[in-house]
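A.B. asks: Quick one: this structure, given as structure tokens, is what I'll be asking you about.
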Amino acid sequence: MATSSSGASSGSSRLRSSSSSEDFQPILDERKRKRMLSNRESARRSRMRKQKHLDDLMAQVSDLTNHNNQILTSINVTTQLYSNVEAENLVLRAQMTELSNRLQSLNEIIHFINSSNGVLQNDTNFDQPAYCHPHHQLNDDSLMNPWNFSTTNQPFMPSADMMMY
């Protein structure tokens, strides 16, 4: 009997626990259903946030690509301008070298002419010029003769205007 009483008591407690769990089953099912709905809503919000973040990143990529293209265009224009200026500088340097050589030659000619001028005559003949050179005579056409350097004793000095041509 002891076994039957202990069996009966354990059976009745099972009956009571199963009846009490049956009473709570709809409450648990309701909680489970609410949790599932909450999880679904949370997952939906998470997907929306993720999609918005992806859309923002794609817009940022597009903006950065456009900005990068503008920078590349600016670099290409600047490079072309630099090449043009560099080519112009090469031409100007060549012109400057040529003009410097010409100036040096002209200064050498002036120095030679000044150093080989005639000697001052001792007589007081005022009809002839003070400096007399056999190949160099002062007359009315002396200013028209380009090889007449008697009036230009100064060396040539370059000016900014000379460098432009």
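A.B. asks: Answer with yes or no whether Gln25 is at pLDDT 90 or above and in a helix (DSSP H, G or I).
C.D. replies: It is false that Gln25 is at pLDDT 90 or above and in a helix (DSSP H, G or I).
A.B. asks: Filter the range 39-59 for residues that are open to solvent by 100 Å² or more (accessible area, probe 1.4 Å) and of a type outside the set (Lys, Arg) and give the result.
C.D. replies: Selection gives Met48, His53, Met58.
A.B. asks: Here's another thing I want to ask about it. Take the residues in the range 76-110 that are without any contact (Cβ under 8 Å) to a residue 40 or more places away in the chain and over 40 Å from the mean Cα position of the chain (by Cα); name whichever of them is least open to solvent (accessible area, probe 1.4 Å).
C.D. replies: As a first pass, look at the range 76-110 and keep what is without any contact (Cβ under 8 Å) to a residue 40 or more places away in the chain: 76-91, 93-94, 97-98, 101-102, 104-105, 108.
Still in the running and over 40 Å from the mean Cα position of the chain (by Cα): 104-105, 108.
Values: Gln104: 106, Ser105: 59, Glu108: 108 Å².
Applying the filter and picking the extreme gives Ser105.
The values are calculated or read from the model by the stated rules, or taken from the named source; none is laboratory data. Bear in mind that the values here come from a model prediction, so they are computed numbers and not experimental data. Note that we place each Cβ from the backbone using ideal geometry, even for glycine, and neighbour counts take in every protein chain shown. Each accessible area value is taken on the protein alone, full model and side chains, heavy atoms only, with ligands, DNA and RNA left out. Shrake-Rupley method; radii C 1.70, N 1.55, O 1.52, S 1.80 Å.
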